[in-house]
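*Asks:* Before I ask anything, let me first share the structure, which is written out below as structure tokens.
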Amino acid sequence: MTNDIRSIIEQEADAVRNIPISERYAEAVDLIVKHVHKQGGTLITAGMGKAGQIAMNMATTFSSTGTPAFFLHPGEAQHGDLGIVRRNDLLLLVSNSGKTLELIELVDLARGLVPDIPFILITSDPQSELARRATLCLPTGAPREVCTLGLTPTTSTTVMTVIGDVLVVGTMDRIGFTTTDYAKRHHGGYLGSKSRQLSRKEAEA
């Protein structure tokens, strides 16, 4: 059992190490900063299934670190929630296959409201339909799932999460996000207390 656990962890760690690294990450951060911090738009994340849960986590993490973002469920978008899309917004879509029908439809619908709305795509298939239409594509490296069936999103969602973290941290760095800024957004819990302590120490230094 111990060897099995170690093998799973090593496979996921290898997948993270093999994420393709390129200047596209800097370009993605540039897009986020331009649309959200310079033009007053919002970062809208979207995905279906497990990828949607990762997209939701990205939105909350971006929001808590100074970049206004929200998750738009592609299904709900077709029933009125699309109305949150505005000029200067930016889409961040997560789709392992790059062929998710609901996301393809979401792009069409969003561009019906804002014809030139750009979108960043995180996917395992840089040749997919969504990738071909994306403003910027961030490939995951198409890792094999550690699921014994090779089907359940496991390794793929781990890699997606890491890519989201890279974008969050890169954006924080670009906007100069500080512990004081963090404390203003975290009023409760351990992180709220810790960020306020750090903020006071920095102010006293």
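The values are calculated or read from the model by the stated rules, or taken from the named source; none is laboratory data. Note that the structure is predicted; figures quoted are calculated from it, not measured. Ideal geometry is used to build each Cβ from the backbone, glycine not excepted, and the neighbour counts take in all protein chains shown. Keep in mind that these areas ignore ligands, DNA and RNA; they rest on the heavy atoms of the full protein, side chains included. Shrake-Rupley method; radii C 1.70, N 1.55, O 1.52, S 1.80 Å.
*Asks:* Using +1 at the Cβ of each Lys and Arg and -1 at the Cβ of each Asp and Glu in the chain, identify which of ALA110, THR42, LEU191 lies farthest towards the dipole's positive end.
*Replies:* My answer, from the dipole projection, is LEU191.
*Asks:* Which of GLY40, GLY188, GLY164 ends up with the largest GNM mean-square fluctuation for the chain, with Cα atoms connected below 10 Å?
*Replies:* GLY188
*Asks:* Report the residue, chosen from SER195, SER64, SER156, that carries the largest GNM mean-square fluctuation when the chain is represented by alpha-carbon nodes joined by springs under 10 Å.
*Replies:* SER195
*Asks:* Say R0 is 22 Å: what FRET efficiency, to the nearest 0.05, do GLU202 and HIS37 get from their beta-carbon distance?
*Replies:* About 0.50, to the nearest 0.05.
*Asks:* Determine the per residue accessible area of the chain with all protein chains present and a 1.4 angstrom probe, expressed in square angstrom.
*Replies:* 53 Å²
*Asks:* Given +1 on the Cβ of Lys and Arg, -1 on the Cβ of Asp and Glu, and no further charges, what dipole in debye does region 1-59 carry about its Cα centre, rounded to the nearest 20?
*Replies:* 260 debye
*Asks:* Between LEU82 and GLU105, what is 0.36 nm times their sequence separation minus the Cα-Cα distance? Round to one decimal in nm.
*Replies:* 7.1 nm
*Asks:* Give me the percent of accessible area attributable to carbon and sulfur for region 123-188, probe 1.4 angstrom.
*Replies:* The C+S portion of the solvent-accessible surface of region 123-188 is 55 percent.
*Asks:* Tally Lys and Arg at +1 and Asp and Glu at -1 over the other residues with C-beta under 13 Å from the C-beta of GLN127: what net charge comes out?
*Replies:* +1
*Asks:* Any idea what the dipole of region 23-167 comes to, in debye rounded to 20, about its Cα centre with Lys/Arg Cβ at +1 and Asp/Glu Cβ at -1?
*Replies:* So the dipole magnitude of region 23-167 works out to roughly 140 debye.
*Asks:* Now a separate question. Excluding residues fewer than 8 places away in the same chain, name every one of the lysines whose C-alpha is closer than 20 Å to that of LYS99.
*Replies:* Here the lysines satisfying the reach criterion relative to LYS99 are LYS50.
*Asks:* Sorted by accessible area with a 1.4 angstrom probe, largest first, how do THR135, THR148, THR140, THR179 fall?
*Replies:* THR148, THR135, THR179, THR140
*Asks:* Next question, about the same structure. For ARG24, ARG200, what's the largest-to-smallest order of accessible area, 1.4 Å probe?
*Replies:* ARG200, ARG24
*Asks:* At 222 nm, what value in deg cm²/dmol follows for the chain if DSSP H runs of at least 4 each add -39500 (n - 2.57) and the sum is divided by all its residues, to the nearest 500?
*Replies:* Mean residue ellipticity, 222 nm, calculated: -16000 deg cm²/dmol.
*Asks:* Let me ask something additional. If I model a spin label at ARG144 and ASP14 as a point 7 Å from the Cα along the Cα→Cβ vector, what separation in nanometres do I get?
*Replies:* 0.7 nm
*Asks:* Right, something else. Name the residue from THR179, LEU82, ALA26 whose Cα lies farthest towards the positive end of the charge dipole of the chain, charges +1 on Cβ of Lys and Arg and -1 on Cβ of Asp and Glu.
*Replies:* Of the candidates, THR179 comes out farthest on the positive side.
*Asks:* Using a 1.4 angstrom probe with every protein chain in place, what is the largest-first accessible-area order of LYS38, LYS184?
*Replies:* LYS38, LYS184
*Asks:* While we're on this one: Over region 34-108, with every protein chain in place, what whole percent of the accessible area is carbon and sulfur at 1.4 Å, could you tell me?
*Replies:* Percent of accessible area from carbon and sulfur atoms in region 34-108: 50.
*Asks:* What does the extension gain come out to for VAL169 and ARG133, with contour length at 0.36 nm per residue minus their alpha carbon separation?
*Replies:* Gain on extension, VAL169 to ARG133, equals 10.4 nm.
*Asks:* In Å, what Kirkwood hydrodynamic radius results for the chain from the alpha-carbon pair distances?
*Replies:* In the chain this quantity evaluates to 18.0 Å.
*Asks:* With every protein chain left in place, what is the accessible area of GLU102 in Å² (1.4 Å probe, nearest 10)?
*Replies:* 60 Å²
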